[in-house]
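As structure tokens, the structure follows; a few thoughts come after it.
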Amino acid sequence: AQSVTQLDSHVSVSEGTPVLLRCNYSSSYSPSLFWYVQHPNKGLQLLLKYTSAATLVKGINGFEAEFKKSETSFHLTKPSAHMSDAAEYFCVVSDPGTYKYIFGTGTRLKVLA
Amino acid sequence: DTAVSQTPKYLVTQMGNDKSIKCEQNLGHDTMYWYKQDSKKFLKIMFSYNNKELIINETVPNRFSPKSPDKAHLNLHINSLELGDSAVYFCASSLRDGYEQYFGPGTRLTVT
């Protein structure tokens, strides 16, 4: 069965410092993995996706994530945080053929001036 | 040009009423979904449809009935609304299973 764990419910960083949002997954197959961002009172926007191509995935707004099968991790990083990055971030796993997308519980990113 | 649209954006109603939320996607996707986001921001899939056929029904009460008249539309009808139905409901679509999903702006349902 597929599952996903976001290890931090809240992360605070200073503007201009690196961001690390952690995600571990469980899957019986070769999963698809995604990161989404949700700004307050908005819908969800896709940041990036892993679908068994390159293990280092680049997304929008300077975000990237690395798929590590041995560690079952898909952590999201950004070299330098911007105030506009403050939002809720969701890691998502989907096993092929299931039509199911399992969302993590979310990490709220706060960016301090 | 909105990819996935939902109406209405806000819905305030009383317990026991029946209401509908409409969703449309203009992306030409085969698969559409309904999600419920609770007050703690947890997102849970409710239904998955592929080419107008129901694929997933995630132990959702019978009071919730999705309908897909065509591939571009997936509506959600809720009977006998309860306080616990208050949430934000998101519609999404994907080209096919396992592909990235595109989300609508959400419908905030408040049951009083």
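The values are calculated or read from the model by the stated rules, or taken from the named source; none is laboratory data. Fair warning: this is a prediction, and the values are worked out from it, not measured in the lab. Note that each Cβ is placed from the backbone with ideal geometry, even for glycine, and that neighbours are counted across all protein chains shown.
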If a residue must be of a type in the set (Gly, Ala, Ser) and either in contact with a Ser or Thr (Cβ under 9 Å, 6 or more places away or on another chain) or surrounded by 19 or more Cβ atoms within 10 Å (Cβ to Cβ) (or both), how many such residues does segment A:47-86 contain? 5
Any residue at all in segment A:7-28 that is within 14 Å of chain B (Cβ to nearest Cβ) and among the aliphatic types (A, V, I, L, M)? no
Between a first residue in segment B:73-93 that is under 16 Å from residue B:16 (Cα atoms) and a second residue that is assigned to a loop (DSSP other than H, G, I, E, B) and basic (Lys, Arg), which pairs have beta carbons less than 7 Å apart while being 6 or more apart in sequence or on different chains? B:78/B:63; B:79/B:63; B:80/B:63
Given (1) closer than 18 Å to residue B:101 by Cα; (2) under 15 Å from the mean Cα position of the chain (by Cα), where does residue A:100 come up short, assuming only one miss? (2)
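Quick one: which strands (runs of 3 or more DSSP E) lie wholly within chain B and hold at least 2 residues that are of a type in the set (S, T, N, Q)? Don't jump to the end; show me each part of the working.
Numbers: elements: B:4-7, B:10-13, B:19-25, B:31-37, B:43-50, B:53-57, B:64-70, B:73-78, B:87-94, B:101-103, B:107-111.
In chain B, B:4-7, B:19-25, B:31-37, B:43-50, B:64-70, B:87-94, B:107-111 are the strands (runs of 3 or more DSSP E) which contain 2 or more residues that are of a type in the set (S, T, N, Q).
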Segment A:11-30 - residue that is surrounded by 15 or more Cβ atoms within 10 Å (Cβ to Cβ) and in a loop (DSSP other than H, G, I, E, B) and, of those, modelled with the lowest pLDDT: A:27
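May I ask you to list the residues in segment A:31-51 that are over 10 Å from the mean Cα position of the chain (by Cα) and either within 10 Å of chain B (Cβ to nearest Cβ) or part of a strand (DSSP E or B) (or both)? Spell out the reasoning first.
Of all residues in segment A:31-51, those over 10 Å from the mean Cα position of the chain (by Cα) come to A:31-32, A:38-45, A:50-51.
Result: A:31, A:32, A:38, A:41, A:42, A:43, A:44, A:45, A:50, A:51.
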Are any residues in segment A:52-78 in contact with an Asp or Glu (Cβ under 9 Å, 6 or more places away or on another chain) and outside any helix (DSSP H, G or I), and if so, which ones? A:55, A:56, A:57, A:58, A:63, A:73, A:74, A:75, A:76, A:77, A:78
